[in-house]
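Report on one structure; see the data block that follows.
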Amino acid sequence: MSELGGHLPPERGRTWGRTRDLGMGVRFAFTGGREGWGRVLLTAVGVGLGVALLLLTTAIPTALAARGDRTNARTTSMYAESQMPKADNTLIVAYVDTTFRAGDIRGRELEPEGVRAPLPPGVDKFPAVGEMVVSPALERLLKSGDGKLLRERLPDRIVGTIGDTGLVGPTELSFYRGADGLENRFSGGVAARIDRFGDPHPTSEGMDAVLILLTLVVFIVLLMPVGVFIATAVRFGGERRDRRLAALRLVGADSMMTRRIAAGEAFAGAAVGLAFGALFFLIGRQAAGYVELLDVSVFPSDLNPAPALAVLVGVVVPVAAVLVTLFALRGVVIEPLGVVRTARPPRRRLWWRLLMPLGGIAALSPMIGQGNDSGQFNDLLVIAGVSLLLTGVTALLPWVVEAAVARLGSGGVAWQLAVRRLQLSSGTAARMVNGIAVAVAGAIALQMFFSGVSGGYTTRSDQDVERAQMEVGVPDTVPLLPAARQLARTEGVQKVTVLSNGSVGEKAKAPDKYAEITIGDCAALREVGRLPSCRDGDVFTVRGVEYDKDTALLIKPGQKVWVSPSYTRTEKPAVAWTVPARLQQVDGRTDPSGSERGGVLATPGALPEAVVAQAAGRIFVALDPRVADARDLVRNTAARIDPLADAATYAATNRDKQFNSIRTGLFVGATCVLLLIGVSLLVSQLEQLRERRKLLSSLVAFGTRRRTLSLSVLWQTAIPVGLGLLLSSVVGLTLGVVLLKMTSTAVHVDWAAVLAMTGVGAGVVLLVTVLSLPPLLRMMRPDGLRTE
């Protein structure tokens with residue numbers, strides 16, 4: 001009955017009172033006039049940027065899965081042991097991939113053999129001979145001025161575009177073109193007959209323990225600054241909020257009520273921030289279709305956050321906003337006559353701040369020396385250890401800033417204004433720098449980690465890029481020497497080396513003993529053998545090749561043998577050859593591709609014309625470094641020689657694909673985080689200036705020069721940034737050393753990279769400071785003294 005009469009039990013009454021206090025804080029956030037709305041908007045923008053990046057991060061797994069599904073759906077197997085028979089539902093597909101400048105272009109030739117031939121994903125109709133279907137990005141490139149050189153290589157008429165289902169990403173360069181006569185091109189693995197697209201048994205190569213550890217650390221390092229920025233954003237306008245709470249104390253509110261009201265205000269700002277974050281995410285999602293970072297692009301439809309992770313973000317952010325606000329108020333005494341924050345606060349204690357980095361090292365230390373040979377690293381310990389070490393930056397930085405600025409001496413007016421401001425509110429200055437400090441610490445650790453383990457995933461190739469920079473392979477049906485002459489006439493080509501290959505046997509068919517034979521002029525043979533002297537008609541044998549067992553038995557002066565212009569010895573008839581009387585034995589050397597040649601080295605004049613004319617082989621091309629588009633000019637010539645000619649570029653090193661993918665993902669994520677850092681710092685700086693608008697206007701009214709005030713603002717930013725970068729360097733180096741020890745990798749510090757990381761962080765802060773100067777000058781006007 002007492003409840004019906006409007007009286008609540010004490011417990012329910014306390015619950016209702018707490019809820020009412022939170023609701024009052026929410027109302028204050030939206031009904032506080034221009035002042036309240038300004039704080040809510042600043043908080044919402046800061047929180048929204050962080051939420052948007054978190055949502056984009058949660059969408060990465062689905063985007064990668066969608067890219068993988070589309071890749072599998074268009075896969076064709078080119079290496080079947082035997083070709084399936086021609087039928088009404090078969091299609092011949094040939095690889096015609098190419099490269100234009102730094103971009104790879106995926107190309108396929110299609111020859112349908114029946115009305116039920118399978119269409120590639122994203123294609124509605126087969127292109128006829130002389131026609132092609134292209135991706136939208138390739139169509140734009142071909143129609144642009146930059147694509148003129150590529151258009152010479154792909155002159156076919158464009159009759160359609162490939163749909164999204166047939167592309168990995170919106171900026172992928174891809175085409176399908178019509179062809180005929182592909183049935184004669186099955187040899188060499190460049191063409192195959194299929195009856196459907198797609199891999200029925202897709203497999204994903206597992207990552208080793210070090211790569212999994214690397215992936216975990218990348219995610220933690222990229223997400224930690226986001227969390228720090230969100231925690232900073234919910235504390236925007238803290239000083240003015242505390243003065244409003246003091247007014248509430250004057251009308252009867254107790255200290256606990258004011259804290260709950262402050263929590264309600266923070267909850268309101270975080271809730272609006274969630275809405276802003278969803279809006280920013282949708283804008284970024286649409287913009288992703290027009291952006292390519294490090295050759296990676298995604299369709300907007302792929303960026304769908306996992307529902308559970310999206311709900312988690314929606315719950316954690318407001319709760320974190322409330323907890324951060326209550327934590328921030330723990331040392332603030334809000335009284336009816338003011339806020340006891342202007343008095344000198346007690347010195348910050350160091351011991352508990354050191355527990356975080358020390359706890360992180362303790363969590364990681366059991367895995368030191370594990371390497372790749374002791375199973376997987378403990379994911380929970382890795383996450384806890386790395387997170388604690390990076391969080392230690394945010395815990396230690398306020399103490400470092402306070403201890404440093406307390407010892408700063410006298411100087412100019414601008415210096416004194418900056419130092420005094422930092423001495424009064426060192427915590428605010430540290431909070432503004434926390435995000436950049438965490439990001440730089442993580443970047444330094446990752447740079448050390450990547451540099452340390454890259455040697456295990458980067459191998460030196462056998463290709464000699466000093467002797468040749470490209471290799472052109474033409475089908476067996478294309479005469480080799482005329483093709484080489486065309487390449488030699490190409491602009492940007494300095495030298496062309498032709499080496500034909502074949503085999504020598506004791507009989508025309510199915511020989512029991514055979515030796516390798518390499519055919520070329522004297523200059524070409526010097527690429528594979530150390531010849532003392534040479535003229536056309538000479539023959540040499542290579543000594544000391546381990547796998548070559550039959551050359552000494554077969555190649556004797558005057559002996560009759562059979563030369564086949566093909567390694568398979570079945571496609572082209574063998575030709576009789578009598579070994580000349582003059583034989584020289586020489587030492588071999590690897591060719592520009594790194595292959596070792598054995599057997600016989602013969603000049604064209606020593607062999608029957610039929611063998612020389614029919615022999616297939618390789619063409620090595622040395623380029624003129626002064627011609628910028630030399631590689632593409634060679635590719636154009638190769639395409640004119642034969643559409644299936646392969647023009648490959650040599651590289652000095654090869655890098656593991658999984659390691660390269662993680663590295664690319666890091667750079668893409670770091671770019672997004674760097675943008676967030678810049679924008680969030682700008683918002684934070686504007687909030688700090690807005691807090692001090694009346695103070696700045698008062699100083700100008702009393703005659704302080706604007707240049708002095710601008711310089712003081714720069715000092716107020718530079719001092720904590722310098723201290724933050726110094727601390728982040730120490731923590732980053734510590735984390736990098738621990739990670740390298742965990743993977744049993746030698747510790748090496750690349751000081752140039754460390755300086756580069758800190759320089760990037762300092763550059764971002766300097767840019768933000770410069771961008772904040774125009775608003776600063778506007779706030780120094782006399783109307784800044786106006787109050788409501």
| query | Any chance the stretch 141-151 includes a residue that's buried (at least 21 other Cβ atoms within 10 Å of the Cβ) and not aliphatic (A, V, I, L, M)? | reply | no
| query | For the stretch 386-500, list the helices (runs of 4 or more DSSP H) that sit wholly inside it and hold at least 3 residues that are under 30 Å from Asp521 (Cα atoms); which are they? | reply | 480-488
| query | Checking Asp124 against (1) modelled with pLDDT of 90 or more; (2) under 23 Å from Arg635 (Cα atoms); (3) open to solvent by 20 Å² or more (accessible area, probe 1.4 Å), which single condition isn't satisfied? | reply | (2)
| said: Residue under question is Leu389, and the condition is that it be closer than 16 Å to Phe219 by Cα, of a type outside the set (S, T, N, Q), modelled with pLDDT of 85 or more and open to solvent by 60 Å² or more (accessible area, probe 1.4 Å); does it hold? | reply: no
| said: Looking for something more than 27 Å from Met470 (Cα to Cα) and at pLDDT below 85 - is there at least one such residue anywhere in the stretch 608-618? | reply: yes
| request: Determine the pairs where a residue that is within 18 Å of Ala179 (Cα to Cα), located within the stretch 141-166, has a partner that is open to solvent by 90 Å² or more (accessible area, probe 1.4 Å) and at pLDDT 90 or above with Cβ atoms under 7 Å apart, the partner being 6 or more residues away or on another chain. | output: Gly160/Asp124; Gly160/Lys125
| said: Condition first: open to solvent by less than 20 Å² (accessible area, probe 1.4 Å) and assigned to a helix (DSSP H, G or I). Now tell me which residues in the stretch 742-763 satisfy that. | reply: Met742, Ala753, Val754, Gly761
| query | Hey, does the stretch 563-570 have a residue that's of a type in the set (A, V, I, L, M, F, W, C) and in a loop (DSSP other than H, G, I, E, B)? | reply | no
| said: Tell me whether the stretch 350-365 contains one or more residues that are of a type in the set (Ser, Thr, Tyr), surrounded by fewer than 22 Cβ atoms within 10 Å (Cβ to Cβ) and in a helix (DSSP H, G or I). | reply: yes
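A quick yes/no check of all residues on (1) over 17 Å from Ala613 (Cβ atoms); (2) touching a Leu at 6+ places or on another chain (Cβ under 7 Å):
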{"residue": "Leu480", "(1), (2)": "no, no"}
{"residue": "Gly492", "(1), (2)": "yes, yes"}
{"residue": "Lys495", "(1), (2)": "yes, no"}
{"residue": "Val498", "(1), (2)": "no, yes"}
| task | Six or more apart or on different chains, Cβ under 7 Å: which pairs go from a residue in the stretch 296-315 that's touching a residue at least 24 places away in the same chain (Cβ under 8 Å) and closer than 11 Å to Thr58 by Cβ to one that's small (Gly, Ala, Ser) and open to solvent by less than 30 Å² (accessible area, probe 1.4 Å)? Could you list them? | result | Leu303/Ala59; Leu303/Ala63; Leu303/Ala288; Asn304/Ala59; Pro305/Ala59
| task | For the stretch 264-277, indicate whether the set of residues that are within 23 Å of Gly166 (Cα to Cα), open to solvent by 30 Å² or more (accessible area, probe 1.4 Å), modelled with pLDDT of 85 or more and under 27 Å from the mean Cα position of the chain (by Cα) is non-empty. | result | no
| Failed criterion for Ala192 (all others in (1) farther than 28 Å from Ala102 by Cβ; (2) at pLDDT 90 or above; (3) not polar (S, T, N, Q) hold) | (2)
| task | Go through the stretch 590-626 and give me each residue that's within 30 Å of Gly147 (Cβ to Cβ) and either out of contact with any helix residue (DSSP H, G or I) (no Cβ under 7 Å at 6 or more places or on another chain) or among the basic types (Lys, Arg) (or both). | result | Arg618, Phe620, Ala622, Pro625, Arg626
| said: I'd like the full set of residues that are among the hydroxyl-bearing types (Ser, Thr, Tyr) and farther than 15 Å from Glu109 by Cβ, limited to the stretch 131-181. | reply: Ser135, Ser144, Thr161, Thr165, Thr171
| field | Number of the exception - Thr590 against (1) polar (S, T, N, Q); (2) over 28 Å from Ala648 (Cβ atoms); (3) surrounded by fewer than 16 Cβ atoms within 10 Å (Cβ to Cβ) | value | (2)
| message | Tell me the residue from Leu696, Leu711, Leu735, Leu739 that is crowded, with 21+ Cβ neighbours inside 10 Å and either more than 31 Å from the chain's Cα centre (by Cα) or at positive phi (or both), please. | response | Leu696
| Would you say Gly427 is crowded, with 16+ Cβ neighbours inside 10 Å, free of Cβ contacts under 8 Å to residues at least 40 places away in the same chain and among the small types (Gly, Ala, Ser)? | yes
| task | Give the stretch 281-313 a look and list any residue that's surrounded by fewer than 16 Cβ atoms within 10 Å (Cβ to Cβ), assigned to a helix (DSSP H, G or I) and not hydroxyl-bearing (Ser, Thr, Tyr), or say none. | result | Leu282, Ile283, Gln286, Ala287, Pro307, Ala308, Val311, Leu312
| message | Take Ala117 and tell me if it is buried (at least 17 other Cβ atoms within 10 Å of the Cβ), farther than 24 Å from Val472 by Cβ and either touching a strand residue (DSSP E or B) at 6+ places or on another chain (Cβ under 6 Å) or not hydrophobic (A, V, I, L, M, F, W, C) (or both). | response | yes
| Which of the residues belonging to the stretch 529-555 are at pLDDT below 85, part of a loop (DSSP other than H, G, I, E, B) and either more than 47 Å from the chain's Cα centre (by Cα) or surrounded by 11 or more Cβ atoms within 10 Å (Cβ to Cβ) (or both)? | Val545, Asp548, Lys549, Asp550, Ile555
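The values are calculated or read from the model by the stated rules, or taken from the named source; none is laboratory data. The structure presented is a predicted model; accordingly, all values stated were derived computationally and were not measured. Note that each Cβ is placed from the backbone with ideal geometry, even for glycine, and that neighbours are counted across all protein chains shown. Each accessible area value is taken on the protein alone, full model and side chains, heavy atoms only, with ligands, DNA and RNA left out. Shrake-Rupley method; radii C 1.70, N 1.55, O 1.52, S 1.80 Å.
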